[in-house]
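Quick notes on the structure that follows.
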Amino acid sequence: MSQPTDLATDPVRPWTRPAVLVPVFAVLALVGGFFPSFSIEANLYMIALGGVFAWLGLSGRVPRRPPAPVGRGAAWWLVPALLLAGVELVDFLLGSTDAHPTLSLLADPVLDRYVARAAGYFGWLTVFWGLVRR
Amino acid sequence: MSVTRVLAIGGFALVAVLVAVVEWVARRENSRVPTLGELCGFVMEYRAGNVPVGRIALYGFWWWLGWHFFAR
């Protein structure tokens, strides 16, 4: 029986340890926090970061955790997912205004602040890394 | 602040609470509910032939989400 070709088996990758990655992500987030929305710098930075993560994940260069079996209990995740989709869709269809704000409209004034923006970048990077490791 | 705005914010807050509750249930011993990470891992295992469709879809979604909040 052949093994999946993209399932890396070598767990020894010193640069994938949290002691290395957390400071790297922190620096990347602190830099990203300086780039305002709609700027060329922010777009290029996002393209570069996403590109590296997607390449790492799709090329199988990073060891992955073995997948866990998923049963019918996964349906419980539909509860928050459908509620989020419903609220977001209704507010979007009603124009995404102050009276009917979408999530991004609510997030914009928060992410205008450097600390929140850098923290958001850090969270985004950490979750993306989590996806790469899965 | 209008009632509809409060309802919208309350809806998003409720989503956050529900995510936390389901994740907490999933992390209990012998839980039948997978964690969000396990669910993502399951989705990313989906392939169409040799194309890792699930992985591309989740990476693409997360990439787009970052662009949407930080670059657009």
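Quick notes
- So B:Leu14, is it facing chain A (nearest Cβ under 8 Å) and buried (at least 16 other Cβ atoms within 10 Å of the Cβ): no
- Selection status of B:Gly41, surrounded by fewer than 18 Cβ atoms within 10 Å (Cβ to Cβ) and small (Gly, Ala, Ser): no
- Looking only at the stretch B:60-72, and only at residues there that are crowded, with 20+ Cβ neighbours inside 10 Å and small (Gly, Ala, Ser), the one that is nearest to A:Leu78 (Cα to Cα): B:Gly66
- Subset of the stretch B:45-59 that is assigned to a helix (DSSP H, G or I) and over 13 Å from the mean Cα position of the chain (by Cα) - its residue that is surrounded by the most Cβ atoms within 10 Å (Cβ to Cβ): B:Arg55
- Check on A:Phe53, closer than 20 Å to B:Arg72 by Cα and either part of a loop (DSSP other than H, G, I, E, B) or polar (S, T, N, Q) (or both): no
- Pairs meeting the criteria (first residue in the stretch A:33-58 and more than 7 Å from chain B (Cβ to nearest Cβ), second residue charged (D, E, K, R), beta carbons under 6 Å, at least 6 apart or on different chains) are A:Gly33/A:Arg117; A:Phe35/A:Glu41.
- Under the condition of being touching a His at 6+ places or on another chain (Cβ under 9 Å), facing chain B (nearest Cβ under 10 Å) and assigned to a helix (DSSP H, G or I), the residues counted in the stretch A:76-133 number 3.
- Qualifying position, being more than 9 Å from every other protein chain (Cβ to nearest Cβ) and assigned to a helix (DSSP H, G or I), among B:Trp67, B:Trp24: B:Trp24
Every number here is computed from the coordinates shown, using simple stated rules; none is lab data. Bear in mind the structure is a predicted one, so any value in this text is a computation, not a measurement. Backbone-built Cβ (ideal geometry, glycine too); neighbour counts: all protein chains shown.
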